[in-house]
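**Student:** My questions will all concern the structure given below.
The values are calculated or read from the model by the stated rules, or taken from the named source; none is laboratory data. Quick caveat: nothing in here was measured; it's all calculated off a predicted structure. Here the Cβ positions follow ideal geometry from the backbone for every residue, glycine too, while neighbour counts run over all protein chains shown. Heads up: the accessible areas ignore ligands, DNA and RNA and are worked out on the full protein's heavy atoms, side chains in. Shrake-Rupley method; radii C 1.70, N 1.55, O 1.52, S 1.80 Å.
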Amino acid sequence: MPREYNIRPSQPAGPRIDYAAELNSQQYSAVTAPPGPSLILAGAGSGKTRTLTYRVAYLLENGVHPSQILLLTFTNKAAREMLERVSALVSSDLSELWGGTFHSVGNKILRRHPLEAGFSDGFTVLDREDADELLQAALLEMQGGKISELPVKPSVVGEVISYAVNVCRSIKEILPERFAHIDEWDELMEGAAKRYAKRKIDTNAADFDDLLSKTVDLLTNHPLIAQKYQKQFQFVLVDEYQDTNPLQSRLIDLFSAYHKNLMVVGDDAQAIYSWRGADHRNILSFPERYPGANVYKVETNYRSTPEILELANATLMGLKNAYRKELVAARKSGELPKVIPVQTGIQQAKFIVSRMQELYDEGSLWKQMAVLYRAHYHSMEIQMEMTRAGIPFKITSGLRFFEQAHVKDVGAFLKFIVNPRDEIAFKRMVKLLPGIGTRSAENLWKSVAAIGQEALDARANPLESFSFSASFSSLKVPSRSMNAWKQLGHTLEEIAPHGKPTSPSRMIQSVREAVYDDYARTQFPDYDARREDLNTLSQFASQYSSTDEFLDQMALMTNADQNAPADGFGEDAVTLSSIHQAKGLEWKNVFLIWLTEGMFPSQRSMGNSDALEEERRLFYVALTRAEDDLYLSWPLIRRNLGSEDTFQRVSSFLQEIPPALLEEWQVSGGW
C-alpha cells in the first residue's frame, strides 16, 4: 500500500503547478495531504471545488496514474466541471480516470460483470417512467383489476422502495417514520417490492437504485472482483460527503478498503437532505471509522461580506452535533444584514418587490437577486406580487404555484360550482374518484350535462334544481366508485347549498377535507407539502368574498405565468427557490422570508432534536447564499381559516442572534 508519492520518470515534461502560490494555506494543506484517510471540512464559499480539483492534479503530478484515481460526485455536471479544470492544470491524458456520479460508476462496473451481478449481457437500465410501469404490473398481479383500483399509486410505492434501498432498511421500518400516511399498506408494498425485484430479473433490467445496491452486492459477494477494483483505485475522492446515504457510504468503504487512501470533502453544517436518505452521521463519524484520519479545515470564504459571515458563524454556534469551524471573510466589509418585521405575508411580498425595484434602479440586475424560503408554498404571495409588478422571475423549487396539479384539482370543484357547463372542470373533478377513468368521466358528463341543460331550458339555476346526493344515485357508475360518488354529491351540496356558493376559502377547505385528502395521500409521496399548499391557497382565498373573483385571479396569474421563459436560465430574472434547491448557488442580494416559529423552523421539526438541528443547518445554508445584501423578513400576523388571525413568534434562529449583528428595518403600514 503506497504511503508516499513517487514521481514517475514517464510523466510528461512541463512546468509544475506552484500550489503554495495558487492556494491559500488551508487549501494547500488539504491538497498536499499525505496518503491515507483524510477529511476536508470545506465551509460555504471556501473553494471546495478548487481544492478537490487541485488535489487530483497534485496526485497526477506525483506519479499516480489516472486509472488509479476514482472521483465520486453527485452530479455529472460536477464531475465534468472538475475534470475540465484538471485538464486545464495538467497535461495528463484523463481518459482513464474514473470520474462521475455514484450511479455512473456503478453502471460501468456492472456492465463489466453482468453475470456475477445477476444480469445477462446487455441489461436495460430503467428510467423512472419504465420503472413505474414495471412496478404497476407487479401491483396489478397482486391486486388484480385495473390500475385505477389500486389503493396506492405505483409511483408512491416506488418512492417507498427506493428510500428503503438507499437507507439499507426494510419497508416496514421506514414507513412509520417517513411515510406514516400510507403505512396501513405495508404488506402490499413489501409484496410489491419482491414481485418488482423478480420482474426486473425476468426482464434483465435494473433501475437507478440497482446501480448502487447491485454494485455493493457484487463487491461484497465476489471477493476477487472486489480486490481488482480495490487495488486499482489507489486514491478515492468523494465530493459533498455530507450528503451520502448509507448505501453510498457502504460503496465508498468497499472501494477504499485496500489502500485506505480515501479523501472525502464536505461540510457537516450543510447536511440538509435527510428527507431523501442522506445521513450526516457519515461525515461526523469519519475519524472513528478511519482511525488516524487527517482532518483539514478550509474556512476562508470568498463569497460573502464579513457581516454576513458573522451572522452565519453565530448560527453555527447553536449546532450541538458538529465540527467546530469559523468562516473568515476574504472580502472587505459591507452592510449589516437587515431584519424586517412586517404585518402580514402580503405586506412582506409588497416590501420585497418594492426593495427589488429600488435595487434594480440602483444598478443591480434581476438575476443577481433571489428569494429563498423553507417550503414552496411560502412563495405564493411573492409570485403574485412580482407578477403584478412585472418583475421577471424563475422558480427552481417546482412549478409556479397555480400550475401545480393539486391546486388545479381543487380549483376544478370551484369552477364547476360557478359554471356547471364547464366540461373540463367536471371531468378533472370526477377522475379523482377511485375507479373512474377517461371513458367513465365522459359518460357521466353526458348525463350531468343533459340534466343541466334541462334546468337551463327551464331558466333555473342548474345547481339549485339538481340535488347531487339524490340524483347521482340514478347515474351509472362503477360499483367501486359508488361511495366516493355519493360523497362527491354531498360535498358539492355542502359548498353550494341551494346552488349558492359559499366563500372560496371555505369551499377549498371543505373539498380538501371531504374528498382530496384521501386522494392525495395515496397519489403523492410529498402529501404533507401538498396539504400545506392547499391550506395556503385557502388562506389566500379568504380575502375574496366572491368565488368568481377568486377564480378570475387564479386564471390571470396562470396566464401571466405562460409569458415567462420556459426555464429562465440565461434570462435576467429573479430566482425564487427553496433553500434545498439553492444549495451551491449564490446571489448578490438575497431575501429570506417567513422567519417565524412553525414556518422556519418548520412545525414538523418541533420536539425532534435531530430535525431541529437540520433546520438550523438549513438556515445556515440560506444565509451563506448572499454575497452583499441579506434581508430577513417575518410577518407578525398569519391569517387563519374560519377563525381570528394569530400573532407569529419570530423564528428562534433569529432570536438567538446577537442584536449587534443585525440592522432592523421598519416598514410603514402602507406596505
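**Student:** With (1) buried (at least 22 other Cβ atoms within 10 Å of the Cβ); (2) not in a helix (DSSP H, G or I) as the list, and Ser92 as the residue in question, which single condition is left unmet?
**Tutor:** (1) is the only condition that Ser92 fails.
**Student:** Restricting to region 123-158, what's the tally of residues that are open to solvent by 40 Å² or more (accessible area, probe 1.4 Å) and in contact with a helix residue (DSSP H, G or I) (Cβ under 9 Å, 6 or more places away or on another chain)?
**Tutor:** 15
**Student:** Let me ask another. Is it fair to say Ile391 is among the β-branched types (Val, Ile, Thr) and either touching a His at 6+ places or on another chain (Cβ under 7 Å) or under 25 Å from Asp552 (Cβ atoms) (or both)?
**Tutor:** yes
**Student:** Filter region 446-460 down to residues that are at pLDDT 50 or above, part of a helix (DSSP H, G or I) and open to solvent by 30 Å² or more (accessible area, probe 1.4 Å), then give me how many there are.
**Tutor:** Of the residues in region 446-460, 7 are at pLDDT 50 or above, part of a helix (DSSP H, G or I) and open to solvent by 30 Å² or more (accessible area, probe 1.4 Å).
**Student:** Now, a different point. Kindly evaluate Ala278 against the criterion of being without any contact (Cβ under 8 Å) to a residue 40 or more places away in the chain, over 16 Å from Leu39 (Cα atoms), open to solvent by less than 30 Å² (accessible area, probe 1.4 Å) and among the small types (Gly, Ala, Ser).
**Tutor:** When the stated conditions are applied, Ala278 passes them.
**Student:** Restricting to region 489-540, and then to whatever is part of a helix (DSSP H, G or I), among the small types (Gly, Ala, Ser) and in contact with a helix residue (DSSP H, G or I) (Cβ under 6 Å, 6 or more places away or on another chain), can you tell me which residue is nearest to Ser162 (Cα to Cα)?
**Tutor:** Going through the qualifying residues, I end up with Ala520.
**Student:** So, in region 37-87, exactly how many residues are of a type in the set (Val, Ile, Thr) and within 18 Å of Asn282 (Cβ to Cβ)?
**Tutor:** Residues that pass the stated criteria total 2.
**Student:** Would you pick out the residues in region 299-319 that are touching a helix residue (DSSP H, G or I) at 6+ places or on another chain (Cβ under 7 Å) and open to solvent by 60 Å² or more (accessible area, probe 1.4 Å)?
**Tutor:** The one that is touching a helix residue (DSSP H, G or I) at 6+ places or on another chain (Cβ under 7 Å) and open to solvent by 60 Å² or more (accessible area, probe 1.4 Å): Glu310.
**Student:** Here are the criteria: (1) buried (at least 18 other Cβ atoms within 10 Å of the Cβ); (2) in contact (Cβ under 8 Å) with a residue 40 or more places away in the chain; (3) more than 27 Å from Glu288 (Cα to Cα); (4) more than 30 Å from the chain's Cα centre (by Cα). Tell me which single one Pro66 does not satisfy.
**Tutor:** Status for Pro66: all satisfied but (2).
**Student:** Before we move on, is Leu237 outside any helix (DSSP H, G or I) and farther than 23 Å from Asp526 by Cβ? Step through it out loud before you land on a result.
**Tutor:** On the way: outside any helix (DSSP H, G or I): yes; farther than 23 Å from Asp526 by Cβ: yes.
Yes; evaluated as a whole, the condition is true for this residue.
**Student:** Can you give me the number of residues within region 558-596 that are at pLDDT 95 or above and acidic (Asp, Glu)?
**Tutor:** Final tally of qualifying residues: 1.
**Student:** Looking at region 243-255, can you tell me whether even one residue there is surrounded by fewer than 16 Cβ atoms within 10 Å (Cβ to Cβ), touching a strand residue (DSSP E or B) at 6+ places or on another chain (Cβ under 8 Å) and either over 25 Å from Phe524 (Cα atoms) or charged (D, E, K, R) (or both)?
**Tutor:** Within region 243-255, not a single residue is surrounded by fewer than 16 Cβ atoms within 10 Å (Cβ to Cβ), touching a strand residue (DSSP E or B) at 6+ places or on another chain (Cβ under 8 Å) and either over 25 Å from Phe524 (Cα atoms) or charged (D, E, K, R) (or both).
**Student:** Here are the criteria: (1) in a loop (DSSP other than H, G, I, E, B); (2) within 26 Å of Trp275 (Cβ to Cβ). Tell me which single one Gly122 does not satisfy.
**Tutor:** Gly122 satisfies every listed condition except (2).
**Student:** What are the residues in region 281-298 that are touching a residue at least 40 places away in the same chain (Cβ under 8 Å), open to solvent by 30 Å² or more (accessible area, probe 1.4 Å) and not small (Gly, Ala, Ser), if any? Break it down into steps so the answer makes sense when it comes.
**Tutor:** If we filter region 281-298 for residues that are touching a residue at least 40 places away in the same chain (Cβ under 8 Å), which is where we start, we get 282-283, 286-287, 290, 292-298.
With open to solvent by 30 Å² or more (accessible area, probe 1.4 Å) added as a condition, the list becomes 287, 292, 294-297.
Result: Pro287, Asn294, Val295, Tyr296, Lys297.
**Student:** Restricting region 117-136 to residues that are farther than 18 Å from Lys194 by Cα and of a type in the set (Gly, Ala, Ser), which is farthest from the chain's Cα centre (by Cα)?
**Tutor:** Ser120
**Student:** What number of residues within region 481-526 are of a type in the set (Asp, Glu) and under 18 Å from Val407 (Cβ atoms)?
**Tutor:** 4
**Student:** Pull up region 570-608, narrow it to residues that are touching a His at 6+ places or on another chain (Cβ under 8 Å) and either without any contact (Cβ under 8 Å) to a residue 40 or more places away in the chain or of a type in the set (A, V, I, L, M) (or both), then point me to the one that is surrounded by the most Cβ atoms within 10 Å (Cβ to Cβ).
**Tutor:** Only one residue tops the list, namely Ile593.
**Student:** With the requirement that a residue be in a helix (DSSP H, G or I) and more than 30 Å from Glu627 (Cα to Cα), what does region 283-302 give you?
**Tutor:** Once the filter is applied, which keeps residues that are in a helix (DSSP H, G or I) and more than 30 Å from Glu627 (Cα to Cα), region 283-302 yields Phe286, Pro287, Glu288, Arg289.
**Student:** Can you pull out the residues in region 423-445 that are surrounded by fewer than 16 Cβ atoms within 10 Å (Cβ to Cβ) and not in a helix (DSSP H, G or I)?
**Tutor:** Within region 423-445, just Gly437 meets the criteria.
**Student:** Condition (residue is closer than 30 Å to Ala79 by Cβ and either over 25 Å from the mean Cα position of the chain (by Cα) or at pLDDT 90 or above (or both)) applied to region 138-153: is it met by at least one residue?
**Tutor:** No: zero hits.
**Student:** Pairs needed: first member in region 256-270, within 15 Å of Arg55 (Cβ to Cβ); second member anywhere, acidic (Asp, Glu) and in a loop (DSSP other than H, G, I, E, B); C-beta distance under 6 Å; at least 6 residues apart or different chains.
**Tutor:** Val265/Asp239; Gly266/Glu240
**Student:** Would you please list the contacts, defined by Cβ atoms under 8 Å and residues six or more apart or on different chains, that run from a residue in region 203-222 that is crowded, with 16+ Cβ neighbours inside 10 Å to a residue that is in a strand (DSSP E or B)?
**Tutor:** Ala205/Thr124; Ala205/Val125; Ala206/Thr124; Ala206/Val125; Asp207/Val125; Phe208/Val125; Leu211/Val125; Lys214/Ala206
**Student:** Answer with yes or no whether Leu188 is touching a Phe, Trp or Tyr at 6+ places or on another chain (Cβ under 9 Å), in contact (Cβ under 8 Å) with a residue 24 or more places away in the chain and on the phi < 0 side of the Ramachandran plot.
**Tutor:** no
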